[in-house]
Amino acid sequence: MKQSLYERLGGSENITQIASDLTDLHIVNPRIAARYANSDPVLVKKQVSAFFIAGTGGPDNYTGKDMIAAHRGMNIDNDEFMAVLDDVMQALDMNGIGQREKEEVLFILYSLKSEVVYL
Ligand code: HEM
């Protein structure tokens with residue numbers, strides 16, 4: 001049987017590392033860093049890794065907000081959305097993730113766009 005995306009990303013341990021690298025990239029990415037100025041990186045990493053794990057077919061321990069509630073009132077624009085996707089692709093590269101899995105992650109995140117931008 002085909003392995004889940006969660007398994008092909010290396011399971012919870014590897015996804016936790018990907019989320020950590022991703023958050024570190026956001027914090028230094030000049031296109032979006034200001035958005036995270038008042039965030040606790042430890043908490044962001046925890047929430048984002050739990051969301052990622054649940055969303056790729058792993059155990060669902062996500063206790064954070066849904067995407068609309070998490071981003072409402074921020075008025076995030078398309079360029080900022082692209083900046084986050086670029087950081088995700090870089091974090092996947094940093095952790096040795098293959099092209100097929102990168103494409104699947106990109107598709108899932110793109111499908112959430114309307115729950116993140118211009119809210
Ligand atoms: C599909 C794309 C995205 C996903 C899956 C996503 C996911 C998440 C998750 C899981 C949280 C945590 C919610 C919680 O704490 O309850 C969060 C918070 C947040 N997101 Fe996103 N996000 C996306 C795009 C963006 C974009 C484009 C921006 C703008 C730069 C952004 C900025 C933030 C900020 C500032 C927070 C709050 C962090 C905090 O609580 O300190 N997100 N996001």
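We did not get these values from a lab; they are worked out from the coordinates using the rules stated. Predicted, not measured: the structure shown is a model, and the values here were computed from it. Cβ atoms come from the backbone with ideal geometry, glycine included; neighbour counts cover every protein chain shown.
Rank-order 89-100, 52-63 by packing density, defined as the average count of other C-beta atoms within 10 Å over each peptide's residues, highest first. If you can, show how the numbers build up before the last one.
Values: 89-100: 14.0, 52-63: 15.7.
Final packing ranking: 52-63, 89-100.
Taking only Cα atoms, what is the 0 to 90° angle, nearest 10, from helix 41-55's long axis to the longest principal axis of the chain?
Helix 41-55 sits at roughly 50 degrees to that axis.
Once you keep just the Cα pairs under 8 angstrom separated by 6 or more residues, what percentage relative contact order results for the chain? Mind showing how you got there, number by number?
Details: 115 pairs, mean separation 39.7, N = 119.
Computed over the chain, the figure is 33 percent.
Taking the Cβ of residue 82 as the centre, find all other residues whose Cβ is under 12 Å away and add up their charges (Lys, Arg: +1; Asp, Glu: -1).
Value of the local net charge: -3.
Whole-Hz Karplus ³J(HN,Hα) for the stretch 75-90, in order, using 6.51 cos²θ - 1.76 cosθ + 1.60 and θ = phi - 60°, x for Gly and Pro?
Listing the rounded values in order: 6, 5, 9, 4, 5, 5, 4, 4, 4, 5, 4, 4, 5, 4, 4, 5 Hz.
Give a residue-ordered list of calculated ³J(HN,Hα) values for the stretch 105-118 (Karplus: 6.51 cos²θ - 1.76 cosθ + 1.60, θ = phi - 60°; whole Hz; x for Gly, Pro).
Once rounded to whole Hz, the list reads 4, 4, 5, 4, 5, 4, 5, 8, 3, 5, 8, 10, 8, 6.
Please list, in order along the stretch 24-38, the HN-Hα scalar couplings obtained from phi with the Karplus expression 6.51 cos²θ - 1.76 cosθ + 1.60 (θ = phi - 60°), rounded to whole Hz, x for Gly and Pro.
4, 5, 4, 5, 10, 7, x, 6, 9, 3, 4, 4, 9, 4, 9
Tally Lys and Arg at +1 and Asp and Glu at -1 over the other residues with C-beta under 11 Å from the C-beta of residue 72: what net charge comes out?
Details: positive: 65; negative: 66, 115.
Here the charged neighbours net out to -1.
In nm, what is the difference between 0.36 nm times the number of residues separating residue 117 and residue 95 and their Cα-Cα distance?
Details: separation 22, 0.36 × 22 = 7.92 nm, distance 2.73 nm.
That works out to 5.2 nm of additional length.
At 222 nm, what value in deg cm²/dmol follows for the chain if DSSP H runs of at least 4 each add -39500 (n - 2.57) and the sum is divided by all its residues, to the nearest 500? Before the final figure, lay out the partial values.
On the way: 6 runs with 72 residues, N = 119.
Helices in the chain give a 222 nm mean residue ellipticity of -19000 deg cm²/dmol.
Mind jotting down a quarter of the surface of the convex hull over the alpha carbons of the chain, in square nanometres, one decimal?
Working: hull surface 28.2 nm².
Mean projected area of the Cα convex hull: 7.1 nm².
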